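What follows is a short report on a single structure.
The values are calculated or read from the model by the stated rules, or taken from the named source; none is laboratory data. These figures come from a predicted structure and were not determined experimentally. As a convention, Cβ positions derive from the backbone with ideal geometry for all residues, glycine included, and neighbour counts pool all protein chains shown. Side chains included, ligands, DNA and RNA excluded: accessible areas come from the protein's heavy atoms. Shrake-Rupley method; radii C 1.70, N 1.55, O 1.52, S 1.80 Å.
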Amino acid sequence: MISRLLEDRKIRILIAFVLISVLIISTRGITTGLDLQGGSKITIQTERPLNNEEMGQVVSIMTKRLNGLGLKDVRIRPWGDEFIIIEVAGSNPRIEDILEKIGILDVKVGNITVFTGADLERVEAFRKNPLQNSWEVPFTINEEGAKKFRDIALKTNFSEVSMFMDEGTAIMIIRDRSIMPRIGFTASKGYLFDNDPLMDAVNKGILGIKFKTNEDLRKKIKEELDIDAEVGEIEIDNVVVGEYIVIGETMELLGEDKIKKIKEFFNATGIKEEDILIGSTGLVNHAPIGAGLREELFIGNVVRSLILETGSDEDARLEAEEVEVVLRSGSLPIKVDIKGKYGVPPELGEKFTRNAIVAGLFAMMAVAVFIFVRYRTPKIVVPILITGLSEVTIILGVASIIKWNIDLPAIAGIIAAVGTGVDDQIVITDEVLMEKTKSIRYRIKNAFFIIMTAWATTVAAMVPLIVIGMGMLVGFAIITIIGVTIGVFITRPAYARMIQHLVG
Amino acid sequence: MLDIKKLMIIPILALVLSLFVVGTNMTQGTIPMSIDLKGGTLITILVSEEVPGLEDNLKEEFGYGIDVKLVKDVSGNVVAEDIEIDKPLTAGERRNVENFLFDEGIHGEVLIHTIWPTLSEMFMRQAIKAVIFAFSFMAVVVFLRFKTFVPSIAVVLSAFSDIVVTLAVMILLGIQLSLASFVALLLLLGYSVDTDILLTTRVLVRKKGDIDGRIKGAMVTGLTMSGTTLTALIVLFIVSTSRILDEIAIVLIIGLIVDIMNTWIQNVGILKLYLERD
């Protein structure tokens with residue numbers, strides 16, 4: 001009897017598909033999604049709705065940045081005209097920073113801007129400078145930028161060079177001067193929070209300094225001064241010694257009026273002028289122009305290859321990597337905000353996979369028992385199990401070819417497809433068993449009328465999900481459609497034949 | 001056979017009550033929802049045993065609405081704890097919580113999932129839109145297939161009742177509605193229509209035997225279908241530790257039980273009334 005089964009064309013088609021799928025899966029593997037592999041899912045909202053071109057630009061820049069960090073499995077999808085959904089396998093502590101940074105480079109000599117990111121012609125990979133033991137990013141600028149650099153350098157008698165990435169304004173309010181000697185705090189150059197002993201101390205957790213956000217003050221500043229800022233308190237030994245305020249706009253953009261208003265705001269609460277420090281933030285590096293470079297510029301040469309140094313420790317290395325990646329990708333056309341971040345650690349992911357597979361097997365066994373109780377013959381249970389397993393295999397094979405991410409909603413889709421598959425097989429079985437008087441052809445045709453209608457309604461239900469593009473539900477919908485279609489055109493006809501030969 | 005037409009009062013009553021429950025809760029905004037719909041922050045900490053008093057300490061320190069749940073694996077071991085906070089946290093607030101957790105001795109990895117209400121409103125709107133479209137498309141397919149009005153309406157009504165009554169049961173049981181639940185509701189649409197199509201085809205299209213006989217035959221097949229699916233789902237629910245799979249399973253289990261009532265009492269009743277009127 002088995003040989004008769006194997007000769008049947010429809011059953012052969014099924015076997016062929018199963019074997020091909022097994023081959024595909026074993027060679028290409030199955031790409032698992034976040035839930036199984038571990039990684040991050042980030043939802044980003046843009047400052048304002050974007051048109052297609054702008055959105056394409058933003059997606060392209062973000063892709064470059066994430067690839068630049070060495071993250072390979074990156075999926076970036078716009079959603080509507082204001083949101084972007086990013087799924088990244090694996091993780092990197094800098095993902096959020098790198099996505100939120102607008103990436104506007106501003107290089108000044110003294111206080112005058114000499115060139116910006118727009119003047120960059122080439123950015124090289126970040127590296128360690130062996131002589132000075134520091135991390136650096138070499139880059140080349142265009143002729144214009146180089147000329148201005150030389151001219152201003154000469155005019156200001158080689159003032160210091162400061163390089164800013166997304167320059168902003170920072171304000172520090174000092175409430176307790178007695179802590180000053182303890183910190184060795186220098187804000188004299190007007191750069192706050194970067195290259196700054198205070199920030200170093202805070203970041204390294206020494207001296208018992210804590211940063212806490214102050215929502216009330218932030219709201220007040222927004223209401224009374226109409227400024228969007230990050231506002232926090234500086235605590236040492238649980239005593240508030242000051243506040244810090246970081247604003248996205250540069251001091252130039254804010255304008256003298258606004259800055260005056262800020263000072264008045266704090267004066268009104270009893271803070272003296274000398275306890276309000278205002279400076280620039282976003283500084284990556286500031287250094288005097290090296291002797292060699294000075295010579296070149298002095299004799300009139302235009303130098304286009306320059307170096308951006310970030311420092312010598314581990315933080316500097318991460319920063320150099322970030323600078324390189326951001327500069328290479330170009331600056332974002334608008335501001336973005338990270339609205340949601342979801343991280344799944346790989347261990348949790350692995351446990352879930354194992355658990356999902358175990359659960360699936362148990363479910364299958366339970367179904368087998370139920371079917372046996374109903375039909376009392378293994379001649380039906382076995383084909384149903386075989387067909388069910390074949391269906392899962394073929395779906396996974398298709399998912400492997402199109403590199404579709406198998407994540408939990410996709411698994412749900414597989415369950416949906418297999419569930420309706422078993423339903424359909426029961427329909428076929430009952431039609432074949434019940435109407436013994438009619439021809440087998442007739443019985444199976446009847447069964448397929450029901451099955452095709454069910455298929456059409458399932459597909460109709462899934463289509464809106466894909467069209468509306470609802471995040472994870474898209475994967476679920478597509479896998480379900482693939483699954484039920486494979487079922488209707490491959491596995492169910494084969495099952496019909498099996499039943500025909502065995503029981504009909 | 002029992003007078004199905006008299007029994008029909010049960011599903012109809014269930015539908016009316018459910019419409020009331022769902023309607024009032026929707027307008028009052030009291031449908032229990034998970035954070036991916038209502039917004040908030042989910043913090044997952046990887047721990048191997050429960051951190052004592054975490055919920056109370058967090059509430060005391062921050063004053064947010066906080067719910068701490070344990071996450072266990074197959075063998076029942078604690079693998080993580082989920083801290084659900086009812087408001088979305090800004091970057092600064094997140095940092096504060098991370099500092100606090102560190103101080104409390106939690107030095108392992110801390111994962112933070114923030115959903116802002118605007119995002120969630122959008123999810124809600126999209127989700128509702130999707131369900132309405134799915135429903136309409138299906139109704140069109142069914143009508144094209146059977147080409148008769150009343151039986152097609154019966155199928156559509158049964159599917160509609162399934163969803164509304166299931167939603168009502170979920171609200172009454174306090175089961176959270178989430179993105180996964182929406183997935184399940186769409187799955188439910190598919191499954192529920194399967195049984196109704198089976199019934200309608202057997203009764204309308206087959207000529208053999210009397211109506212009651214055909215209905216009984218359909219019921220045997222239909223209950224086997226629902227039975228296998230229910231068995232699989234119950235096992236899935238018990239064995240699986242994945243929150244998403246559990247959410248899907250519970251909605252489908254409730255839905256399929258409701259579907260049994262709606263298909264084999266309500267739909268049958270409508271068909272009998274339709275056929276006996278001729």
For this session: Could you pull out the pairs from B:K69/B:K129; A:K438/B:K208; A:K222/A:K258; A:K212/A:K260 whose alpha carbons sit more than 22 Å apart here?
Result: B:K69/B:K129; A:K212/A:K260
Problem set entry | Karplus (6.51, -1.76, 1.60) ³J(HN,Hα), θ = phi - 60°, over the range A:422-432, in Hz, Gly and Pro reported as x | 4, 3, 4, 5, 5, 4, 4, 4, 5, 4, 5
Seminar exercise, completed: Projected convex hull area of chain A, Cα atoms, direction-averaged, in nm², equals 32.3
For this session: Return the long-range amide H neighbours of B:M33 (sequence gap of 5 or more, or a different chain), with a cut-off of under 5 Å between placed amide H atoms.
Result: B:L177
Exercise. Taking only DSSP H segments of four or more residues, each worth -39500 (n - 2.57), what value at 222 nm results for chain A once the sum is divided by all its residues, to the nearest 500 deg cm²/dmol?
Worked result: -17500 deg cm²/dmol
Seminar exercise, completed: At 4 °C in a medium of viscosity 1.567 mPa s, the range A:95-165 has a Stokes-Einstein diffusion coefficient, with Rh taken as the Kirkwood radius over alpha carbon pairs, in µm² per second, of 96
For this session: Would you tell me the mean number of C-beta atoms belonging to other protein chains that fall within 10 Å of each C-beta in A:417-426, as a whole number?
Result: 5
Exercise. Which angle between 0 and 90 degrees, to the nearest 10, do you get for helix A:251-267 versus the longest principal axis of chain A when only C-alpha atoms count?
Worked result: 80
Exercise. Is the shape of the range A:368-444 best called rounded, prolate or oblate, per the rule: a/c under 1.5 gives rounded, else a/b larger than b/c gives prolate, else oblate, with a ≥ b ≥ c the square roots of the Cα gyration tensor eigenvalues?
Worked result: prolate
For this session: Quick one: which residues, 5+ away or cross-chain, put their amide H under 5 Å from the amide H of B:V68? H built at 1.01 Å from N.
Result: B:E84
Exercise. Where only protein heavy atoms count, and the probe is 1.4 Å, what is the accessible area per residue for chain A in Å²?
Worked result: 46
Problem set entry | Under the Karplus curve 6.51 cos²θ - 1.76 cosθ + 1.60, θ = phi - 60°, whole-Hz ³J(HN,Hα) for the range A:357-372, x wherever Gly or Pro sits | 5, 4, 4, x, 5, 4, 4, 4, 5, 4, 4, 4, 4, 4, 5, 5
Problem set entry | Largest-first principal axis extents, alpha carbons of the range A:230-364, Å | 78, 53, 35
Exercise. Hey, any idea what the orientation-averaged projected area of the convex hull of the range A:384-504's Cα atoms comes to, in nm²?
Worked result: 7.1
Seminar exercise, completed: Applied in sequence order to the range A:480-497, the curve 6.51 cos²θ - 1.76 cosθ + 1.60 (Karplus, θ = phi - 60°) yields integer Hz couplings, x standing for Gly and Pro, of 4, 4, 4, x, 5, 5, 4, x, 5, 9, 10, 6, 5, x, 4, 4, 4, 5
Seminar exercise, completed: Output for the range B:120-205: trypsin sites (Lys or Arg not before Pro) sitting in coil per DSSP, at most 12 other Cβ within 10 Å, listed by number, reads B:K147
Problem set entry | Largest-first principal axis extents, alpha carbons of chain B, Å | 77, 39, 29
Exercise. When we measure straight from the Cα of A:K220, which aspartates and glutamates land under 15 angstrom away, once same-chain ones fewer than 8 places off are left out?
Worked result: A:D228, A:E230, A:E233, A:E243, A:E264
Exercise. So, with a 1.4 angstrom probe, what is the percent of accessible area on chain A that is carbon and sulfur?
Worked result: 56
Seminar exercise, completed: Here the tail fraction of P(r) beyond 26 Å, over all Cα-Cα pairs of the range B:135-278, rounds in percent to 26
Problem set entry | Pairwise burial A:B, computed as accessible area of each alone minus the pair, summed, 1.4 Å, Å² | 6200
For this session: Please list, or write none, the aspartates and glutamates whose alpha carbon is within less than 18 Å of the alpha carbon of A:K128, excluding same-chain residues fewer than 8 places away.
Result: A:E136, A:E309, A:D313, A:E314, A:D315, A:E319, A:E321, A:E322, A:E324
For this session: Assuming a ≥ b ≥ c are the square roots of the Cα gyration tensor eigenvalues, decide whether the range A:52-100 counts as rounded (a/c under 1.5), prolate (otherwise, with a/b larger than b/c) or oblate.
Result: prolate
For this session: Using the structure shown, select from B:K216/B:K272; A:K339/B:K38; A:K108/A:K263; A:K339/A:K403 the pairs with a Cα to Cα distance greater than 18 angstrom.
Result: A:K108/A:K263; A:K339/A:K403
